[in-house]
Amino acid sequence: YTTVSSGGLISISAGALANYTTLKNASAILYGSANSTTVSSGSILNVEHGASATYTTISSGGTENVNALATAAYDTIKSGGVENVYGVAIGAVINKGGIQNIVGGEADSATISSGASQILTSGAYASSTTIGSGGYQSIESSTATKTTIGSGGLPYIAHGTVTSTVIDSYGSQL
C-alpha cells in the first residue's frame, strides 16, 4: 500500500508490479504493471507502451491515460473522472459523470451507466458495449459493434460504422 501525494511522482519500471497505490494530487508513470490504483483529484496515471493497469479507480478530477500498446482492464471511472484510451481498455465501468475517451484505441466490454459518456474518435473501435438507461456513446469516424442499448441509452453516430446492435425496449439509436 503506497500513497503518493502533493505533487509527488512515482515511476513503475518494466517488469515491476505496484499494488494498491493511491495518487493524491500526484502522478504515476507506469512501464510495468499496476493493480488497484486509485487516481484522486489532481492526479494523473500514465500507462505507457507495453504496460498494464488493472482495477484502477479514477475519482473526480483524476485522469488515466492509456497510451498506444498499453492495456487497462476493469477500471471504474467515477463522476468527474476521465480515462483517455489510445491503447486498449477492457471491461471499464463508467459511472454517472465519468468520461471515457477512446482516441484511435479500442474499448471492449465497457458499461456506460446513467449520466456517463463514452466518446469514440479518430478511428477508435468499441466492442460489446452496454449502454444503460441515460448512458451516452458518441461514435465519430470510428466503429462500434455488438452494442447493447438499454432503455433510455443513447448512442450518437456521426460518420461512423455500427454493426450487430441490440436495442432493448425504449432504447434508441441516432
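Distance between the 7 Å Cα→Cβ label points at Asn19 and Ser133: 3.9 nm.
So how much slack lies between Asp108 and Ser164, counting 0.36 nm per residue of separation and subtracting their Cα-Cα distance, in nm?
On the way: separation 56, 0.36 × 56 = 20.16 nm, distance 1.44 nm.
Full extension of this stretch gives 18.7 nm more.
With the highest mean first, a sort of the peptides 121-129, 17-25 on other beta-carbon atoms found within 10 angstrom per residue produces 121-129, 17-25. Whole-Hz Karplus values for the range 77-83 come out as 9, 8, 3, x, x, 9, 10 Hz, taken residue by residue from phi with 6.51 cos²θ - 1.76 cosθ + 1.60 and θ = phi - 60°; glycine and proline positions read x. The string of couplings for the range 57-74 from the Karplus curve (6.51, -1.76, 1.60, θ = phi - 60°) is 10, 9, 8, 4, x, x, 9, 10, 10, 9, 7, 3, 6, 10, 9, 10, 10, 6 Hz, one whole number per residue in order, with x for Gly and Pro.
Here the gap between Glu140 and His49, fully extended at 0.36 nm per residue and compared with their Cα-Cα distance, gives a gain of 30.3 nm.
Taking only protein heavy atoms and a 1.4 Å probe, what accessible area per residue, in Å², does the chain have with all protein chains in place? Intermediate values should be presented prior to the final figure.
Numbers: 7380 Å² over 174 residues.
For the chain, the solvent-accessible area averages 42 Å² per residue.
Looking at the chain only, what percent of DSSP beta bridges run antiparallel? Nearest 5 please. Write down the numbers at each step before the final one.
On the way: 0 of 78 bridges.
Antiparallel bridges: around 0 percent, rounded to the nearest 5.
Mean separation of Cα pairs under 8 Å and 6 or more residues apart, divided by the residue count, gives the range 111-164 a relative contact order of 35 percent.
Between the range 132-147 and the range 1-79, the C-alpha centres lie 26 angstrom from each other. Express the relative contact order of the range 1-153 as a whole percentage, based on alpha carbon pairs under 8 Å and six or more residues apart in sequence. The value is 12 percent.
The values are calculated or read from the model by the stated rules, or taken from the named source; none is laboratory data. Bear in mind the structure is a predicted one, so any value in this text is a computation, not a measurement. Counting neighbours? That spans all protein chains shown, and the Cβs are built from the backbone with ideal geometry, glycine included. Just the protein is used for accessible areas: all its heavy atoms, side chains included, with ligands, DNA and RNA removed. Shrake-Rupley method; radii C 1.70, N 1.55, O 1.52, S 1.80 Å.
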